[in-house]
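Here the structure comes first, spelled out in structure tokens, and everything after it is commentary.
None of the figures in this text is laboratory data; all of them are computed from the coordinates on show. Everything numeric in this text was worked out from a predicted model, so none of it was measured. Here the Cβ is made from the backbone with ideal geometry for all residues, glycine too, and neighbour counts use every protein chain on show.
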């Protein structure tokens, strides 16, 4: 089941008045899960040290069991005084979090150590989570550079999404999200065209400057020889006249 389907189901539960009951149930049974909760403003904390982060929407039935197991796992790690920090990511229907961590399915588990991200297989019990935290995380390949949450490509894409949100929230434009998206795309296209034009102009100027033909100069030896010949002819003429 894809991530956007979870969000639609959550909206439906809230509309039916069931969401508040589920949220209260999760809060009562998972009090320890609220100790380390990250969001878009604090996610960079996981770039230092060792972390295991769980991604899920608490209002979805499929995530209730996972949240309970995750809470028990976090509590046991705290009792062990482990250096690994177990945390949960607060989604809140945030597209930036979904895009930053390349979330396609929920629940999702990420292991982070010294800024290296790994997407781990889903575990359903506390023992399976302990095995993942102990050694099995090393069997998983790190996320590629184009999916790294702190990489240049992801950061550029996040700025693109934020620009759309800012244009959409601008009151004087009075536009919908689709038109805001097209306005940002047109703006980016114009900026890119200006950069390409300036780059091509600078390259052409430097190339023409280097390949400009220099004026030909007469050799010094030939000029000196011609001067001597002229002086010899002049002195000869003077002698003939005398």
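With the simple spin-label model, which puts each label point 7 Å out from Cα in the Cβ direction, the residue 68 to residue 165 separation comes to 3.3 nm.
Could you order the peptides 83-89, 175-181 from most to least packed, using the average number of other C-beta atoms within 10 Å per residue? Can you show the working numbers first?
Details: 83-89: 19.4, 175-181: 13.1.
Ranked from most to least packed, the peptides come out as 83-89, 175-181.
Explain nothing, just the number: relative contact order of region 65-186, from Cα pairs under 8 Å at least 6 residues apart, as a whole percent. Let's see the in-between values first.
Working: 94 pairs, mean separation 24.2, N = 122.
Relative CO of region 65-186 lands at 20 percent.
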